[in-house]
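To keep things clear, I will list the structure first and then write my remarks on it.
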Amino acid sequence: MSALTAERPAASQGRGTPLVSLRNIQKHFGSLHALRGASVEVYPGEIVALVGDNGAGKSTLVKVMAGVHAADSGEYLFEGKPVTVKKPTDATALGIQTVYQDLSLCSNLDAVQNLYLGREVTGSWWGGGRIKRAECEVRARELLTRMRLGNLSLTRPVGAMSGGQRQNIAIARSILETPKVVILDEPTAALSHSAAEGVSTLIRTLADQGLGIVIVSHDIHHFVVNATDRIEVMRLGANCASFKSKDVTGEQVVNAMVGGNEGVNLAG
Ligand SMILES: Nc1ncnc2c1ncn2[C@@H]1O[C@H](COP(=O)(O)OP(=O)(O)OP(=O)(O)O)[C@@H](O)[C@H]1O
Ligand SMILES: [Mg+2]
């Protein structure tokens, strides 16, 4: 199919209602108008890339989705129904988890400890409320196997792991609560090509299990065009183009980012 054929992306065809839909979002930081009518939606099983130049508003938009920033105005729909998301716990209660770029992992702790940090499986209070390490380990192994990460060490401090392995543990941590949507802000920024491919495989595994994935990335030529289903391009706080990933080249996406391709919508 030609990249110039305007139609809905395959990933959202016949899938009913988007899991999350943000429409016409406005956001100011003081006098700075960061989002000027920005929109993004994700369907079950779909991987949506949010791209754009530095300062285009990508992180701000996903932070509105994650409840970190409250929008000044605009619509926020979850599974088709208007919802109020003004703080991170509003988003997590809906089943929206976010993996931040700093990963928020503790380097001196191992994978199991990081996965269960703050939500350990504890015994009864009369037993001292001790962390049931063995049970956490079994659950962690099950989770990692489901994510096809069965080879990751459960006992090495994550500080001794590679960037790609740490990224995978951060993603696994976001999956523990069985979310419906996972947001990743620049997950491949500091990764080697092969580690970024590992993240691609992982998010596809999750999408195949029905999750919606929203991913911010600057790695247009490799990651974005190859590992996602749909690409939303942002410029100056608004959407300026939309592409089906499989029908577009990196050059076309970059052109749209820098303004060479006004108002393109090839994703329907
Ligand atoms: N907490 C904040 N306070 C004030 N201004 C902010 C804040 N967060 C973002 N901005 C501003 O809003 C605009 C959009 O920033 P945002 O971080 O969303 O861009 P981005 O597309 O994620 O860029 P990058 O690719 O560099 O990460 C920028 O002008 C930025 O300086
Ligand atoms: Mg950003």
Q. So, in the stretch 39-56, of the ones that are under 20 Å from GLY250 (Cα atoms) and surrounded by 19 or more Cβ atoms within 10 Å (Cβ to Cβ), which residue ends up farthest from ligand 2 (Cβ to nearest atom)?
A. GLU46
**Q.** Scope the stretch 172-211; condition β-branched (Val, Ile, Thr), modelled with pLDDT of 85 or more and within 12 Å of the chain's Cα centre (by Cα); matching residues
**A.** VAL181, VAL182, ILE183, ILE203
Q: Scan GLY198, GLY212, GLY164 and give me the residue that is touching a Phe, Trp or Tyr at 6+ places or on another chain (Cβ under 8 Å) and surrounded by 17 or more Cβ atoms within 10 Å (Cβ to Cβ).
A: GLY212
Q. Condition test on HIS28, is it buried (at least 19 other Cβ atoms within 10 Å of the Cβ) and over 23 Å from VAL254 (Cα atoms)?
A. no
Q: Scan the stretch 173-188 and report the pairs whose first residue is away from ligand 1 (no atom under 16 Å from the Cβ) and whose second residue is acidic (Asp, Glu), with Cβ atoms within less than 9 Å and a gap of 6+ or a chain change.
A: LYS180/GLU79
(Q) Return the pair list, or none, for Cβ contacts closer than 6 Å from residues in the stretch 51-67 that are among the charged types (D, E, K, R) to residues that are more than 6 Å from ligand 1 (Cβ to nearest atom) and part of a helix (DSSP H, G or I), at least 6 apart or on different chains. (A) ASP53/MET257
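The values are calculated or read from the model by the stated rules, or taken from the named source; none is laboratory data. Since the model is a prediction, treat every value here as computed from it, not as a measurement. Methodologically, a virtual Cβ is constructed for each residue, glycine included, from the backbone with ideal geometry; neighbour enumeration extends over all protein chains shown.
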